[in-house]
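Presented below is the structure to which this report refers.
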Amino acid sequence: MSEATAFMGFSRSELDREYSPSSLVPDFPACLNEYARRSADARDQHRPLISLAYGPAPEARLDLFPVSGREAPLQVFVHGGYWQEVTKEESSFAATGFLASDIAFAALDYGLAPAYHLDEIVTMVHEAVVWLHENAPRFGIDPRRIHLSGSSAGAHLVAMALVRDDTHRIAGATLLSGVYDLEPLRHTYVNGPLALDRGAALRNSPLYHLPARLPPVVIARGGRETGEFIRQHDTMTALLRPRAPVTEIVCPARDHFDLPYDLGEPHTALGRAVLAQIQAPDAATTRKGQRAHE
């Protein structure tokens, strides 16, 4: 494939840039360091249950921040990193905001490419949802009130969890700066460790597999995103609207990497929307009613 015709009219270098959100931030390593610092502070302050196993793989672990009382809602955060980097150790930064609202929080780990294929990673996140649903009462969590959020590749994994959620374990979802059609990625540097062929890209593109009914979704992006991330966001939002109660948010002052800091923070537009979704009357009951009348 020539440089001039890599995909969708982009050259290879142009497409690489479109799918490199770090190209729009002045110091990407500082972003990762800030995730780690804030996450360590949250763990030091709140002392979560560390590395609970939700599956047989050594990476199938999560850190859980419970709250006092019973039947609490739970917010599960799925990190980004193009399925190749970052871990739960950098993914607890939003815990404090949710805990202040009496919402339990979990930071999810999963296997990374190239050690794991994307099909395996998607399955692992689904297994985490199943495990949390089955074990929620052990930790004072209401299994009907499990909400997922994810950023970038994590938003993709949350969307795929929605696709697989045929028994209604997920009460609501928040998708931040996600990539939902993976075919363009096959033509970029991102696909080196992933090694996606056309079938794997289609199979793991939630854009093409959304069920007719979904729980409430908050979908958001920063104001400073590349054109392709904006296009992916807009396309997914349009497809979600007939299927779910959707709250769309664009945060002009945020970029791809600092947008997740607003999760659980009621002084921000994103935080208010996410908290309203979690604190609304039980979405699971509504969703079951919708399915019953299809």
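Every number in this text was worked out from the coordinates using simple rules, so none of it is lab data. Model, not experiment: these values are computed from the prediction. When we count neighbours, we look across all protein chains shown, and the Cβ atoms used for this are built from the backbone with ideal geometry, even at glycine.
Figures for the structure shown
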quantity	calculated
Residues with amide H under 5 Å from that of Phe105, placed H, sequence gap 5 or more	Phe65, Gln75
Fraction of the pair-distance distribution of the chain above 31 Å, Cα-Cα pairs, percent	22 percent
Residue-wise HN-Hα coupling along the range 10-23, computed from phi with Karplus coefficients 6.51, -1.76, 1.60 (Hz; x: Gly, Pro)	8, 6, 4, 5, 5, 5, 4, 5, 4, 9, 10, x, 5, 5
Karplus 3J(HN,Hα) series, Hz, for the range 121-131 with 6.51 cos²θ - 1.76 cosθ + 1.60 (x for Gly, Pro)	5, 4, 4, 4, 5, 4, 4, 5, 4, 4, 4
Distance from the range 129-162 to the range 1-73 (C-alpha centre basis), Å	16 Å
Residue-averaged [θ]222 nm for the chain, counting only DSSP H segments that reach four residues, each worth -39500 (n - 2.57)	-11000 deg cm²/dmol
Ranked list, fewest to most other Cβ atoms within 10 Å of each Cβ, for His156, His256, His126, His168	His168, His126, His256, His156
J(HN,Hα) series, the range 68-79, from Karplus relation 6.51 cos²θ - 1.76 cosθ + 1.60, nearest Hz, glycine and proline x	6, x, 10, 6, 7, x, 10, 10, 10, 9, 10, 6
Amide H within-cut-off set for Thr174, under 5 Å, with H built and near neighbours excluded	Leu148, Ser149, Gly150, Val218
Cleavage-rule hits, trypsin sites (Lys or Arg not before Pro), the range 32-135, DSSP coil, Cβ neighbours within 10 Å at most 12	Arg70
Antiparallel DSSP beta bridges within the chain, as percent of all bridges there, nearest 5	25 percent
Value of Rg/Rh across the range 166-252 [Cα atoms, Kirkwood radius]	0.99
Net charge dipole size for the chain [Lys, Arg +1 and Asp, Glu -1 on Cβ; Debye, nearest 20]	840 debye
Amide H within-cut-off set for Arg254, under 5 Å, with H built and near neighbours excluded	Gly223, Arg224
Residue order, fewest to most beta carbons within 10 Å, for Ser68, Ser151	Ser68, Ser151
Residue list for the range 122-149, given a label point 7 angstrom along the Cα-to-Cβ vector of Asp166 and an amide N cut-off under 18 Å	122-131
